[in-house]
Structure formats: structure tokens, C-alpha cells
Number of protein chains: 2
Amino acid sequence: MEKPRKSTSRGVGRQKVRGHSPANRSLQRGIEILRAFRPGSEVLGNGDIAERTGLSRATVSRLTQTLVGAGYLERDTALRAYRLGAPVLSLSHSMRSGSSLLAVATPLMLETAMAHKINVGLAVRDRDEMVYLESVRYSARASLRKVVSGQRVPIELTSLGRAWLAVTSAAERDGFIAHVRLKRTQHWPQLKVELERAIASVRRYGYCMATWQPEVVALATPIVIEGRLVCILNASLTTTVRPQEVVAALKNPLLELAKRIALAAR
Amino acid sequence: MEKPRKSTSRGVGRQKVRGHSPANRSLQRGIEILRAFRPGSEVLGNGDIAERTGLSRATVSRLTQTLVGAGYLERDTALRAYRLGAPVLSLSHSMRSGSSLLAVATPLMLETAMAHKINVGLAVRDRDEMVYLESVRYSARASLRKVVSGQRVPIELTSLGRAWLAVTSAAERDGFIAHVRLKRTQHWPQLKVELERAIASVRRYGYCMATWQPEVVALATPIVIEGRLVCILNASLTTTVRPQEVVAALKNPLLELAKRIALAAR
DNA sequence: CTTGCATTTCCATCTGTTGGAATGGGCGAG
DNA sequence: CTCGCCCATTCCAACAGATGGAAATGCAAG
């Protein structure tokens, strides 16, 4: 007679058990649905969404209808699927136009990128990834510079993420490291060493180095204003010369720029 | 104490009048809160949000907490207010990277903007505004071109919006016109004439013209693919010469580009 | 036409959400 | 420094509406 177990789907919503954080379940779920749309899976059917979020098909169907009504999802009837709608672009636009940090940082970043012919990026942490607020890509030809934002990169493999790890609270750092240990059991020993080195490097020199993508060497440094971690700045370039030389070339521009941003944003 | 926003959002949810439109109220409300953050009001306290959305303070407080937990809002403790969080940038990024329309349109738009030294934009309708998917701003100095997206412009005053009006369904057009008549009682007679002219122009010549901002003349044309309205394309430039001359200069590039985009996006 | 799969709707259950009122906290005026 | 104001948060009982399973519908391929 007892209900067997709805623990799978209900479990997700039950995270309010510990402590009190008045969380609206429907809203949470709706946002998880939006978050399921990410580069590589920009077109999802109700079934895909149900699978990725752990929600029941019926619930997904209703929530997607609501999101379509709100304009944040569009249905592609041919593919029986949804994609994100144009109104989400307005959220970005509002977010960016309201950010005083970006207002002061972007011109300085452009300046540094042009002066040293390097890429410069600014990111914050979101869950288990870093999100670029702004990324200025320097390109030799025609001084073409492309600016992207919203791109996500993994914390554990990038200079950005490791710099964040170095300056976040011990609790968050330990929690995240435990998470990664399970996620990357394969290369964990190697990875662990790299993380420890990066964290030590940030503490000693103010920056750390990583090469996540082949031939791209990146340095990152945290920006702290009034004792509060604000964001992570990085500088990178594509090259085949030895990383050590790149570090020597990048570290001063990076630290200098970080100082200027911190000063201007105060 | 009128609450136009409330009636709008309720209206959407209440379309279950004729049977069924499973709308999740909490999710709708949460999204209305996000939508309340727009250029000009990027920093809102719970009170402001309650006022703008017509929700009770208690409800707003709970929903904002949920949104903060999800990362879509950030609290600014100093100002006792919220602003949009960085993760919304990822939604834009995903939306853009999944849009096959943008993939084909952006290079063509850049090409046309450079070749004719004009601004080119692509937009869709969202509620009572047009939202730019992409906007290539041509600038003489150093061929500096700035690309923005997510910006919103009013339907009734812009070439983009009027071109949309001309090709949308009669029901939506009539509904919107009724809405504008109430919103702009002041200049309604003048506006009505302009709207009718624009609509006739789109039907006869395929485009319409408007100067919303001083010294900026814009033309717009709808892009229809397989009988389905997809988006609106516009071309504009800043000038002091007579509008008629500008129209002559812009109309061919605009219509040509629209054709190429429609062809490539099929 | 039938078959098969995915989505949507129906329905009874009951959880989670709601607004008003009480409480808590921060800030400025005095 | 204290007081008083204002805004945000929490509490509470009431109940609207969200939920998952099952049935129905829709769609496409065979």
C-alpha cells in the first residue's frame, strides 16, 4: 500500500532538508531546464530534458510550455524540440549594461590585449565551471578582435579555475576537490599535483599557469576588491615556444592589468 | 494603482479560458522577475520588483532567493538590491551558438556592412519590443565594428517593428495596434498615419523606412523562409542628408542581403 | 492502414506556495 | 548612542495548484 519510491525525482527537490532556504521548486526546475541548453546540446526535446534534469516527462512538458509562453524557449516543430529564445539575449544585455565592473574593465582589457598582442579574459565561477564575463581575443590579421562572453570552461583544467580555487574559501575548495576526484578518477594523481602547484603558485606569485587547449598558454590571477573576491583575470596566447618563456612575457601585463582594474573598480 | 504588467502576465497565464494552457505560475513569476531587470533598471530591490511585477513582497522575497540560489541573480548587500548574475550570459552564448540562422546571417551581414559602410541588424519580436539577434555597427574610424545583441527597441517607432507589423497575422497586428493606441494617446493620429504608410510600403516595395533616433535613417524588411516569418532585417546609417537619398542608397543592399540570408538559411 | 514512439492531457492526491502579519536588521536622524 | 523608520525576511494557516502515473493523442515511418 505504501508508495514505493519517488526518491529519484523527489530527491532533487528535497535539497532544502538541511537548513532553511525557501526555494521555490517549480522555479528551480524551470531554471534547470534552461540550464540544460548548453553548447553542444542547444536543441532538446522533452525527453532529452527529462533525462538530463531527472524530472518526470509530464512535469517537463508543462514547464517547457510555460517557458515557451514566456518566450525563453522556442519550439521547433519539425524537430519536435526546443531551443532557447531570443529574449534570453536581453538578459545578457541588461546584465552587461548594469555591470560597473565590466564598464571599467573592458576598455582596460582591450588596451592590454592590443598593446601586448595577447588574449585577455575575465571570468567568474558558476557551479563547476568558470563563465567568461568578457574575453578579448587578439588576432594578428587586421587587428581583428572578437569579444565573446558567456562561454564556459572547466575549473580544474584551466588557469582561470585554478586561480579561483586558490582564493575561494577552504570549504568550497575542499568540496570542489572532492567532486573532481570522483569525476576524474582516471588522471586524478596527475591532476592533484597540478592543482596543488597552481594553488601554491597563486599564493606565492599571484598567478598560476595552465595549458588547457593545445598550444595555448594561459596565466590567471584573482581580482580582489576590498577583501572580496570579485573575479578572475587571465591572459593567454597561442604559441609553440616553451611555456616558461610565455610566462615571463605574460605575467607582468597580467598582474599590471589586474591592479589597474582593481583600482578603477573600487 | 494600476497594474498593467500584472494584467499582461496574468493574461498570458489565463489563456486556459478555452480549455487548456498548463502554465506554471511560480515559474512564470520567476521569469517576470528576471524580465524586470532591463537597461535603465539593472539594480532592483525586492520592493522595486514587487512594484514592477505586482507580486506581494513575501513572494518576491522567496522567488529572488531561489533565483540567487540558481545563480541568475546576485545580491548586492551594500545596496540591498539584486542584479542579474553572470550565468545568464551562458544562456545567450548557448542560444547564439545553436542558432543556424545566426551562423549563416552574421558573416553576410558583416560583409554588407563593410561593403556599403552601413549598420545592419537582425531582430525578432518579443512582446511589445523588437530584440536584436545581431547588430553590426559600422564606424568609419579604423573600420571599428561593434556587435551587440539583446538590445530592445520599440515596435511602433522603428522600421524593424513596423516591418514586423506589416507581415504578422492580422490578429496580432490589430491587437498590438489597439495596445499602442492606448499607450500613445498623445501622438496617436500622427503615429497611425506613419504605421499605415510603413505597412503599405512593406507590402508594395518590400521595405519600410523610419528615423527613430535623430539623424539615423533606417530601412527594414522581413525575412520569410518557407512561408514562415523568421525575423526582420534592417540597414541604417547616420547622416544629415535627406532621407529620400538615404533610402535610395540603402534599399538595394538591404533587399539583396535579405535575399541572400533567406537563401542560405533554407 | 497499422505500428511504435514521444508528447500531452487527465485526474486524484496532497505538497508546496501563497498573502497577511509578525519579526528581524540596518541606517539615518536627532 | 538610542530611537524610530523602512525594508526584507520568516511564520502561519488556508488552499490553490503542482505533481506523477496512466490514458489519450499526435506524428512518422513502414
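Details
- Enumeration of residues in the range A:82-97 that are more than 7 Å from every other protein chain (Cβ to nearest Cβ), within 16 Å of DNA strand C (Cβ to nearest atom) and either open to solvent by 10 Å² or more (accessible area, probe 1.4 Å) or touching a helix residue (DSSP H, G or I) at 6+ places or on another chain (Cβ under 7 Å) (or both): A:82
- Search result, residues across the range B:1-48 that are among the hydroxyl-bearing types (Ser, Thr, Tyr), modelled with pLDDT under 90 and away from DNA strand D (no atom under 13 Å from the Cβ): B:7, B:8
- Within the range B:217-266, the set of residues being open to solvent by 10 Å² or more (accessible area, probe 1.4 Å), over 17 Å from residue B:163 (Cα atoms) and not in a loop (DSSP other than H, G, I, E, B) comprises B:237, B:238, B:243, B:244, B:245, B:248, B:249, B:260, B:263, B:264.
- For the residues B:108, B:73, the requirement of being closer than 30 Å to residue A:110 by Cα, within 16 Å of DNA strand C (Cβ to nearest atom) and open to solvent by less than 50 Å² (accessible area, probe 1.4 Å) singles out B:73.
- Selection within the range A:92-118: residues that are among the hydrophobic types (A, V, I, L, M, F, W, C) and without any contact (Cβ under 8 Å) to a residue 12 or more places away in the chain. The member of this set that is nearest to residue B:72 (Cα to Cα) is A:95.
- Against the conditions (1) of a type in the set (S, T, N, Q); (2) open to solvent by 30 Å² or more (accessible area, probe 1.4 Å); (3) within 18 Å of the chain's Cα centre (by Cα), residue A:168 satisfies every one except (2).
- For residue B:158: the one exception among (1) more than 10 Å from chain A (Cβ to nearest Cβ); (2) closer than 22 Å to residue B:215 by Cβ; (3) touching a Cys at 6+ places or on another chain (Cβ under 9 Å): (3)
- Pairs linking a residue in the range A:76-91 that is in a loop (DSSP other than H, G, I, E, B) to a residue that is aromatic (Phe, Trp, Tyr) and open to solvent by less than 10 Å² (accessible area, probe 1.4 Å), with Cβ atoms under 9 Å and 6 or more positions apart or on different chains, are A:85/A:72.
- Qualifying residue in the range B:38-45 (condition: touching a strand residue (DSSP E or B) at 6+ places or on another chain (Cβ under 9 Å), part of a loop (DSSP other than H, G, I, E, B), among the charged types (D, E, K, R) and away from DNA strand C (no atom under 12 Å from the Cβ)): yes
- Tally, over the range B:98-136, of residues that are under 26 Å from residue B:247 (Cβ atoms) and either facing another protein chain (nearest Cβ under 8 Å) or in a strand (DSSP E or B) (or both): 15
- Residues located in the range A:61-70, provided they are in contact (Cβ under 8 Å) with a residue 12 or more places away in the chain, near DNA strand C (Cβ under 8 Å from one of its atoms) and facing chain B (nearest Cβ under 9 Å): A:61
- Evaluation of residue B:190 against the conditions (1) touching a residue at least 40 places away in the same chain (Cβ under 8 Å); (2) more than 22 Å from the chain's Cα centre (by Cα); (3) open to solvent by 20 Å² or more (accessible area, probe 1.4 Å) shows that the sole unmet condition is (1).
- The lone exception for residue A:215 - which of (1) within 14 Å of chain B (Cβ to nearest Cβ); (2) touching a Ser or Thr at 6+ places or on another chain (Cβ under 6 Å) it fails: (1)
- Filtered residue count, the range A:47-60, keeping only those that are within 9 Å of DNA strand C (Cβ to nearest atom), surrounded by 15 or more Cβ atoms within 10 Å (Cβ to Cβ) and either assigned to a loop (DSSP other than H, G, I, E, B) or without any contact (Cβ under 8 Å) to a residue 24 or more places away in the chain (or both): 1
The values are calculated or read from the model by the stated rules, or taken from the named source; none is laboratory data. Note that this is a predicted model, so its numbers are computed, not measured. In this analysis, Cβ positions are derived from the backbone assuming ideal geometry, glycine residues included, and neighbour counts consider all displayed protein chains. Just the protein is used for accessible areas: all its heavy atoms, side chains included, with ligands, DNA and RNA removed. Shrake-Rupley method; radii C 1.70, N 1.55, O 1.52, S 1.80 Å.
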